[in-house]
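One structure is given below, encoded as structure tokens.
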Amino acid sequence: MKPNVVVRIVASVFILSLGMAILGAEDGHDGHDGPDGDASRIQAGFNYARSQGITLNLKGKNRALVGLGSYLVNAAGGCNDCHTAPPFTVDPYAFLGAPKQININCYLAGGTPFGPPGDPATPVSRDITPWEDGKPAGLTFNQFRHVIRTGEDPDNPGHVLEVMPWPVYQSLIDRDLRAIYEYLTAIPAIPANVCGVPSES
């Protein structure tokens with residue numbers, strides 16, 4: 001191979017690498033978060049759980065997915081607002097700058113009515129904590145993904161969930177759904193009939 005050709009190839013590779021580094025820097029990705037930039041979200045997820053007193057069972061779990069799932073559930077998804085009744089024991093809406101404390105005793109155990117309380121037609125948020133079988137809401141990952149993708153009510157096949165904002169979440173990539181599911185397997189289970197809805201059928 002002629003020296004000029006080798007120089008051109010090396011120069012082309014250098015320019016291409018430099019261009020990719022510049023584009024990465026402009027995107028705010030400096031390479032320290034790993035290939036997909038999740039390290040800061042994973043850490044934020046663990047920090048949130050720790051600050052709110054959420055005990056996580058990491059035994060046999062993918063730690064990175066649990067941390068990312070905590071970030072998605074707590075910082076991005078707002079799952080606590082509907083799936084915990086009441087959502088907070090220290091109300092962040094009390095005044096500007098008010099602290100918050102989630103309702104740890106009923107965290108994600110459902111029970112929020114979306115209509116007149118006591119009316120059998122009123123939808124109530126579901127318990128999405130691990131049930132006796134260790135599965136969030138008693139669902140396998142494939143069943144959970146199906147519910148989020150289609151909105152099909154797992155208790156009433158062929159019917160769509162009326163309140164759950166599944167159309168918002170259905171576009172999440174499978175890895176994000178897997179992280180959410182992994183996190184939900186790691187949070188504490190809440191005993192049946194404690195927070196407004198039965199945890200088991």
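The values are calculated or read from the model by the stated rules, or taken from the named source; none is laboratory data. Since we're looking at a predicted model, the values are computed, not measured. FYI the Cβ positions are ideal-geometry reconstructions off the backbone, even for glycines, and counts take in every protein chain you see.
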Checking Y181, Y93 in turn, the sole residue that is within 19 Å of L56 (Cβ to Cβ) and aromatic (F, W, Y) turns out to be Y181
Taking the stretch 145-178 and keeping residues without any contact (Cβ under 8 Å) to a residue 60 or more places away in the chain, of a type in the set (D, E) and either assigned to a helix (DSSP H, G or I) or farther than 24 Å from P113 by Cα (or both) leaves D174
Of the residues in the stretch 94-137, those that are farther than 17 Å from C79 by Cα and of a type in the set (A, V, I, L, M, F, W, C) come to A94, F95, L96, A98, A121, W131
Restricting the stretch 83-99 to residues that are modelled with pLDDT of 90 or more and not in a strand (DSSP E or B), the one nearest to the chain's Cα centre (by Cα) turns out to be H83
message = Quick check on the stretch 140-162. Is at least one of its residues modelled with pLDDT under 95, under 17 Å from the mean Cα position of the chain (by Cα) and closer than 27 Å to Q52 by Cβ?
response = no
The residue from N142, N74, N80 that alone is outside any loop (DSSP other than H, G, I, E, B), loosely packed, with under 14 Cβ neighbours inside 10 Å and not acidic (D, E) is N142
Review point. Out of curiosity, is T112 surrounded by 19 or more Cβ atoms within 10 Å (Cβ to Cβ), among the polar types (S, T, N, Q), more than 22 Å from L58 (Cβ to Cβ) and touching a Gly at 6+ places or on another chain (Cβ under 8 Å)?
Key: yes
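If you go through the stretch 40-57, how many residues are among the hydrophobic types (A, V, I, L, M, F, W, C), more than 23 Å from D91 (Cβ to Cβ) and in a loop (DSSP other than H, G, I, E, B)? If you could, list the steps in order and put the result at the bottom.
From the stretch 40-57, those among the hydrophobic types (A, V, I, L, M, F, W, C) are 42, 44, 46, 49, 54, 56; that's our starting set.
Then drop every residue that is not more than 23 Å from D91 (Cβ to Cβ), which leaves 42, 46, 56.
Filter once more, so that each one left must be in a loop (DSSP other than H, G, I, E, B): 56.
Count: 1.
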Within the stretch 125-139, restricting to residues that are surrounded by 20 or more Cβ atoms within 10 Å (Cβ to Cβ) and among the small types (G, A, S), the one that is nearest to the chain's Cα centre (by Cα) is A137
